[in-house]
Amino acid sequence: MAADWSALAGYLRGSADTVTLTWPELEDIVGGMPASALDHPAWWSGDRPHTRAWKSAGFTVTSKRPGVSVTFRRIRTDESRTDPPVADPTDPIEGATKKVATGDLTGRLLLIACGKAKASQPSAAKDLYVSPRFRKARSHAERSGVPWFILSAEHGLVSPDEWLAPYERYLPTTPRDYRIAWGEWVAARLDLLAGPLTGRIVEVHACEAYLEPLTAPLTRRGARIERPLQGLTSGRWQTWYDAQATSDSETTTHDGGAFVGDPQAWIACLGEEANSVLPADLPSTAREVMDGPGLYSWFVDGPGADDLSRGLQVEISPGLVYVGQTGATKWPSGKPSEGRLVNRIRRQHLAGRRSSSTLRRTLGAILDAAMQHPVSREELTAWMFAHLRVVTAITPDAASLGDLERQVVQALNPPLNLDHVGPSPARAHLKRLRAATDDTIP
């Protein structure tokens, strides 16, 4: 049944100026939220039936945590104009920044620090900084799908497409008074271009010299700061970005491989622990029955769930904890993958380095925290054999496997999956653990 957006409009018209709805409350009002609201930041902006519904009631979305809550704010009279303001030809902020300023109010913003190494000629800001670290940070920001900006020691907050000339300013060597004024300037500009900041998450990828003058101004405006690189030396940032890119490439679904059919049989098969086997009991004929692309699901027993709960500081119940795929066609290139379930499970999940798969990196980070010492690859393998069971399901249709994985993950909602699902306390803590350990794992 399609969502009833008129019900949301009616609810908001009779509400206070600021309304925060939990995800279940929002689903109750409209009759169910679509999966795209969880997966695609663009769903929350543009001219669509649902955005027209809350705008017709006189509201805008000021913060969202898909799967958790959404905050709506009544638009003041002077904000209610629907025509975009005429661009000022003297204003250096163009393109993407104007779009953010006029209505792209997603819940999260991302800021990355500039770099010392620069191009020799004026360029768009995203192209001006040429260090390997900045380029990897830029790739991460672009993959994130949320509005992002650059922290410039010379120019404050700049849009990726803003045109800049090379300069030599280095923030850590500037006087304290300059850094204080710089922080106020950046926060005010962010509030102007992408605000209001109340309830927004601002993810900052920068060293302490950039963060310290920003903390108080952003906090006063109601923003919450996240630092995924906190505790890492700048030399280890690139390793963290590499790990994130690898994780994204393992799970991201691209246009071109839509699954056609009913995924319920797959969901039922992968979500049923009775179908699982112990790693030690994988059949000797595994190559014959697993020698191809497909999906897999991992289940944990009671003692193993206790270990995960202790590491994540959130209760994890025995049962399904992770779903993944291997062998999906890469889109949009259409390049086939050589991934096979037999290799993924036996060689990458149950053997080798801690960095040999997303699952091993995830479990290793959690167990480090649970055991209060770095868990070796041998300890990790032994723990997996002792506490996990696995279901595998092969498919000849590699072209649509990525999209099928997305549907299965959304339906089963395993606690250790980070993509295709909404935020949760367990996932938030897992991201912090992964950020702190991914650059050091063997």
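Bear in mind these aren't lab numbers, they're just calculated from the coordinates by the rules spelled out. Just so we're clear, the structure is a prediction, and the values are computed from it rather than from any experiment. Virtual Cβ from ideal backbone geometry, glycine too; neighbours counted across all protein chains shown.
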Descending semi-axes in Å of the range 5-79, equivalent ellipsoid built from Cα gyration tensor: 18, 14, 12
Förster-model FRET efficiency, 30 Å R0, Ala209 and Asn413, C-beta, rounded to 0.05: 0.15
Amide H contacts of Thr62 (H built 1.01 Å from N, under 5 Å, at least 5 apart or other chain): Thr71, Phe72, Arg73
Ranking of Cys207, Cys114 by count of other Cβ atoms within 10 Å, fewest first: Cys207, Cys114
Rh (Kirkwood; distinct C-alpha pairs) - the range 96-227, Å: 14.7 Å
Percentage relative contact order, the range 250-437, counting C-alpha pairs under 8 Å, at least six apart: 35 percent
Computed FRET value (nearest 0.05) for Lys431 with Glu273, which takes r as the C-beta separation and R₀ as 25 Å: 0.40
Unit Cα scatterers, Debye sum, the range 315-373: log10 I(q)/I(0) for q = 0.17, 0.26, 0.28 Å⁻¹: -0.71, -1.12, -1.17
Spacing of the two label points (7 Å from each Cα toward its C-beta) at Glu25 and Val68, in nm: 1.6 nm
Set of the range 335-361 residues, backbone N closer than 19 Å to the point 7 Å along the Cα-Cβ line of Asp301: 350-351
³J(HN,Hα) computed for each position of the range 269-278 - Karplus, 6.51 cos²θ - 1.76 cosθ + 1.60, integer Hz, glycine/proline x: 5, 6, x, 9, 5, 4, 7, 8, 10, 5
Fewest-first sequence of Thr326, Thr20, Thr173 by Cβ atoms within 10 Å of each Cβ: Thr173, Thr20, Thr326
Ser6-Arg176 pseudo-label distance in nm [points 7 Å out on the Cα-to-Cβ vector]: 6.2 nm
Peptides ranked, highest mean first, by Cβ atoms within 10 Å: ranges 361-369, 311-319: 361-369, 311-319
At q = 0.09, 0.11, 0.14, 0.18 Å⁻¹, base-10 log of I(q)/I(0) for the range 301-442 (Debye sum, equal scatterers on each alpha carbon): -0.28, -0.42, -0.68, -1.11
Extension gain, Asp47 back to Asp17 (0.36 nm per residue minus Cα-Cα distance, nm): 8.6 nm
Estimated inter-spin distance, Ser56 and His373, nm [label 7 Å along Cα→Cβ]: 6.4 nm
